[in-house]
Amino acid sequence: MASPKSRCSSFATTSRTHMRTSGWTIDDSFLTETKNTQNRKLSQKRKTLSCQFSSGDQLSPWPTYTSGQTILHNRKPCSYDYRKRAGSWLKQPLGITKPRYLERLENYLRKELLLLDLSTDSTQELRLQPYREIFEFFIEDFKTYKPLLSSIKNAYEVMLAHQREKIRALEPLKAKLVTVNEDCNERILAMRAEERYEISMLKREKMNLLKLIDKKNEEKISLQSEVSKLRKNLAEEYLRYLSERDARKILIADLNELRYQREDMSLAQSPGIWGEDPVKLTLALKMARQDLTRTQMELNTMKANFGDVVPRRDFEMQEKTNKELQEQLDSLRGDYEEVCKEHEILLQLHMTTLKERDQFHSELQEIQRTSTPRPDWSKCEDVVAGGPDRWQMLAEGKNSDQLVDVLLEEIGEGLLREKDFFPALGYGEDIPPLLRFDGLVENKKPTKKDVVNLLKDAWKLRLVEEQKEKFPDFFFSFLEHRFGPGEAMAWAYTIFENIKLFRSNEVMSQFYAVLMGKRSESVYIKQKETVAQLLKEMTNADSQNEGLITMENLSTVLKSTFPFKKEEKIQELMEAGGWHPNSSNADLINYPSLFIEDEEGQSMPFVQKLWEQYVDEKDEYLQELKQELGLELRDEVTLPKVREALMNIDPGLDKQTLNGYLSGAFQVPRTELPEEGEEKEDGIVVQLKIALERLQMTDIRRMGSREQEPAS
């Protein structure tokens, strides 16, 4: 068993070895002096503590007989030894305290720990020293266990020394790692700065190149314009020189003709020529014949060489004609292809029509087999107020369904006048705001004429004022202003019941549709503007201001006002205005009578036909849109698809009108609509049926023919 002194010596030797291997140099005399000082202090402390801690060289028997509450032994409660000791503990007195040796050791340890300086880096080493000293005391006092305890201590000391050596070896690596990290960060920062500089230079170069491209494009455009101008000047010069050449040839031919005439005249005027020498004449005749032969040969050669050559003027004319014919051929070929496509479409449509005809024929047969006989409407003459004359007026030009509506209106009008009060509809969310009330509401019992005049006054005020509030709120405010706040609700219910009943009246039916949100008020406003514009055009065509225009003028006004209506639609309007096949274009028509209304607001057949055509054209337009989309009503459709389909079926749509249609179909404000090309395929989506119903409510009409190029 090694003594503490020998252990200190070995520790000093080991520490010196570690210091030397780490590159440190320590004086041996300093180590020897340090070791002796430590040994002296340790021996002095051991002597002092041995005197203090020992009592008659006998250690206190505590904790061998103290209670288990003071020291917990690592014993199983069920073992025999545990029960035996527990029994012995119960026999011991309860007032036994901790041994003085243990208390002094604890007090010494506590005092040493308090005296340590914990502000240095070697705090853990300093905290270990008092425990080491306490363990040395245990080794010296417990002689029996001294070898085992010394070996345990030596093992821990060796392990601690090994760990210190590894820590000292890793400290330079830590410093090197910090240095390498700093170098890498500096390199990264430098590379980033270099990249930013390169990016800025590339951006600058890109801007310079873009400017250069723009400059080159401008030069190209200017050169192209200059080339086109030079070509035009060259063509003009060529035509001028060509005309000068032709004029020169004509002038030379005229000069030759004059010269020949002059020679003939000189020969005729000089009679002495026949008195010349016959030899000369013979020689001249021979030379003339030779010249004639040579000229004839040259002429034959020219005919042989240039017999198939045409003049340049004829060639250019033929080339121009050929080019025109080629263009006509291309145009006709394109028209032929379009006609072929239309023919195929018509064939498909014909097959579809045949199928529908067969289906309708079968349905007609089934209906004829199961339907009831047609009613005898003449029986209503004695029931309706006003007698047969009024019934004839009401039934004129109406089918069975419309006659049923008229009969229901007549019956409902009588029942409506018998009511003194209306039951209010309550405050439900599905109730229009102007009808939200509880209790009974008085029936004001106005005539149909009074209701129509009231609705017309409301429309006039609506058109004058700014349309800031919703239409139901505006109408209720109008009633409050007209009849007072106390009577407004009664009049609201009275008007509502009347317009709900009289669906055949134009003013009431349109007002009911707008009030219930089934139609946009812009439809009514646009219709009134169209009628006013048509009347204005007819007034302008009436140069005499007599209220009369010819049928030809009427046709011209209709075609100019409605440029996209088909010829048969114009013909229907002409017939509604009083034209018939036997009338001529010079026949006069009283055009103001086409726009008057009766006392119940009913328009003339001309305006009614105009409204019917608008409804039919809107239905055809929406049906064409549905066919262009190629979807079922239950399918969902995106905003880009609807935009593309609208532009395909109506290329004349301008951007503002197109955005208005899209805003109505998708219920999105115009300012929030994405621009063309920026839409996402999975952006705004709505069911096709809902989109078509929303468009049906708004004012939608064709703005150009389908063959027209889209507006820029």
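Would you mind counting up the charge near residue 530? Only other residues with Cβ under 11 Å from its Cβ, with Lys and Arg at +1 and Asp and Glu at -1.
Once positives and negatives cancel, what remains is +1.
Quick one: compute the contact order of the range 520-595, relative version, from alpha carbon pairs under 8 angstrom and 6+ residues apart, as a percent.
Result for the range 520-595 is 39 percent.
As an exercise, use a Förster radius of 25 Å and the Cβ-Cβ distance of residue 346 and residue 631 to find the FRET efficiency, rounded to the nearest 0.05.
Taking R0 as 25 Å, the efficiency between residue 346 and residue 631 is 0.60.
Would you please give the FRET efficiency between residue 171 and residue 127, computed as 1/(1 + (r/R0)^6) with r the Cβ-Cβ distance and R0 = 22 Å, to the nearest 0.05?
0.55
Within 10 Å of each candidate Cβ there may be at most 15 other Cβ atoms; applying that plus a DSSP loop requirement, which GluC sites (Glu not before Pro) in the range 460-495 survive?
Filter output for the range 460-495: 465, 466, 469.
Report the paramagnetic label zone for residue 593: residues of the range 529-551 whose backbone N is under 15 Å from a point 7 Å from Cα along the Cα-to-Cβ axis.
Of the residues in the range 529-551, 546-551 have backbone N under 15 Å from the label point off residue 593.
Within the range 503-580, report the GluC sites (Glu not before Pro) that DSSP leaves as loop and that have at most 14 other Cβ atoms within 10 Å.
Filter output for the range 503-580: 546.
Simple spin-label model, 7 Å along Cα-to-Cβ: residue 302 to residue 106 in nm?
Using points 7 Å along Cα→Cβ, the separation is 14.9 nm.
Within the range 288-316, which residues have the backbone N less than 14 Å from the label spot 7 Å out from residue 322 along Cα→beta-carbon, could you tell me?
309-316
Find the centroid of the Cα atoms in the range 512-537 and in the range 151-212, then give the distance between the two in whole Å.
78 Å
Could you please state, rounded to a whole Å, how far the C-alpha centre of the range 222-253 is from the C-alpha centre of the range 615-648?
56 Å
Checking the cross-link filter: which lysines have an alpha carbon closer than 17 Å to that of residue 641, excluding same-chain neighbours under 8 positions apart?
626, 655, 680, 689
Could you tell me the calculated FRET efficiency between residue 254 and residue 336, based on Cβ-Cβ distance and R0 = 51 angstrom, to the nearest 0.05?
Once rounded, the FRET efficiency stands at 0.45.
Which order do the peptides 228-237, 141-150, 442-451 take when ranked by the mean count of other beta-carbon atoms within 10 Å per residue, highest first?
442-451, 141-150, 228-237
Around residue 344, under 14 Å between beta carbons, what's the net of Lys plus Arg minus Asp minus Glu among the other residues?
For residues surrounding residue 344, the net value is -2.
Which whole-Hz couplings ³J(HN,Hα) result when phi for each residue of the range 304-309 is put into the Karplus expression 6.51 cos²θ - 1.76 cosθ + 1.60, θ = phi - 60°, listed in order with x for Gly and Pro?
5, 6, 10, x, 8, 8
Please give, to one decimal in nm, the separation of the simple spin-label points placed at residue 473 and residue 290, each 7 Å out from Cα toward the Cβ.
Here the answer is 11.9 nm between the modelled labels.
Values in this text are rule-based calculations from the coordinates and carry no lab data. Keep in mind that what you see is a predicted model, and the values were worked out from it rather than measured. Positions of Cβ are backbone-derived with ideal geometry, glycine not excepted, and every protein chain shown enters the neighbour counts.
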